1. Restricting the stretch 208-236 to residues that are of a type in the set (Val, Ile, Thr) and in contact (Cβ under 8 Å) with a residue 24 or more places away in the chain, which is farthest from Gly123 (Cα to Cα)?
2. Can you find, within the stretch 223-274, the residue that is surrounded by the fewest Cβ atoms within 10 Å (Cβ to Cβ) among those that are part of a helix (DSSP H, G or I) and among the β-branched types (Val, Ile, Thr)?
3. Return the only residue of Gly151, Gly214, Gly158 being at pLDDT below 90 and at negative phi.
4. Please give the helices (runs of 4 or more DSSP H) falling wholly within the stretch 105-194 in which 3 or more residues are touching a residue at least 40 places away in the same chain (Cβ under 8 Å), under 24 Å from Tyr304 (Cα atoms) and touching a Ser or Thr at 6+ places or on another chain (Cβ under 6 Å).
5. Looking at the stretch 7-89, what helices (runs of 4 or more DSSP H) fall wholly within it and have at least 1 residues that are within 18 Å of Asn286 (Cβ to Cβ) and without any contact (Cβ under 8 Å) to a residue 60 or more places away in the chain?
Amino acid sequence: MAKFDENARPFSEKWLDERLGVVTLKKVLSTEYWIPKDINFLWAMGMVLAATFGLLLISGIFLLMYYKPDAALAFDSVNYTIMTEVGYGWLWRHIHGVGASIVFLIIYIHMFTGIYYGSYKKGREMIWISGMLLFVAFSAEAFSGYMLPWGQMSYWAGMVITNLFSGGSLEAYGLVEWIRGDYVPGDAFLTRFFMLHVLLLPLVIIGLIVLHFGTLRLPHVNNQKGEEIDFEEAAELYKAGKKKESKVIPFNPVFLSKDVFVMGVYFILFFYLVFYHFDFAMDPVNFDPADGLKTPPHIYPEWYFLWSYEILRPFNKDLGLIAFGIAQIALFFLPFIDRSPNVAPAHKRGLFNIWFWVLLVDMIVLTILGKLPPEGIYNDLGLVAAIVFLLLGPALFVITKMEKKI
């Protein structure tokens, strides 16, 4: 094999390498970052998520040029200026609206993939925790963005969600007023959430993405079998040309090319929605201007919050807040509740497999019920689904404690 000629490298690369170690960085994060062979397209969801966030940033910058963070002007700036007067303003709004909705579909797929394959276990706890912190940050970013069109649902969803900070019977309405900057959502409320949406929360998300990718570097991503791989030995086999015997592939260019293929398929779906079915991401009620004197008959959040909203609704004020709080933090503790010694996919773990599918179906049921009015049988079904969700944590501890090593 021909020896690498140091002098053959471009001057600019040598200059940067001497000062920033770009060649070492490239090896660590790219060409010698090893990925298990035994993974499927679901492992590409992280890159799809990062790409969608990039689209949200770009489209958000274009929208920011024309949006007016003023309670008297915000609605018209979105629905008239951007949509009708700005060239291709409608396109940027559709991209931003569809992206804000579909990004949560990707997050949930990514999250349930991690649960199914046990990617939160045995030294990978920080991967899971940093991912859940990203989920919280994306949720806050989505909620703050939902306020900005200043339509009816923006106003009343903001009213309902900020009321949660009163603490039920604690009646901490002073805290609620401090968050809003007024007794009811108004100009101060809108400008505060505008600042959160366009500056503070994107910075937090970018920082957490860096942390999440950093936690993936060691101890490496999981694989479909849950098999523990000696990455150093497998990497040496690959570099020695024994690619069939090796259990790993380099992130760049081999795995990255697979990521790009999945992203290509994803963006076909994404832009199909942008051009033909963008309305699924835009609530019709929010096309009416915000009116504090006219309450909508049924107030509900966007679809990706409906499951946790439905956990809040069936109970009284205090129990509802407690249940809602548990629902928000329960998944953070998954690596510590799961006491099984096995790092394996759910279909190999007996009762855990049943638990996983009950969790998935229950969250779908909660999401469907959250969009329906809380009356009659819907309220009864919501109560049952909420109780099932709350019992899944203790149930997981028991069934994984009993689980035998595979």
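The values are calculated or read from the model by the stated rules, or taken from the named source; none is laboratory data. Treat the numbers as computed from the prediction; the structure is a model and nothing was measured. Note that each Cβ is placed from the backbone with ideal geometry, even for glycine, and that neighbours are counted across all protein chains shown.
1. Of the stretch 208-236, the ones of a type in the set (Val, Ile, Thr) are 209-210, 215, 221, 229.
When the remaining residues are screened for being in contact (Cβ under 8 Å) with a residue 24 or more places away in the chain, the result is 209, 215, 221, 229.
Values: Ile209: 19, Thr215: 10, Val221: 11, Ile229: 13 Å.
Selected residue: Ile209.
2. Across the stretch 223-274, the extreme among qualifying residues is Ile268.
3. On the way: Gly151 fails: at pLDDT below 90; Gly158 fails: at pLDDT below 90.
On inspection, the qualifying residue turns out to be Gly214.
4. Working: elements: 125-147, 152-163, 173-180.
Result: 125-147.
5. Once the helices (runs of 4 or more DSSP H) in the stretch 7-89 are filtered for at least 1 residues that are within 18 Å of Asn286 (Cβ to Cβ) and without any contact (Cβ under 8 Å) to a residue 60 or more places away in the chain, what remains is 45-64.
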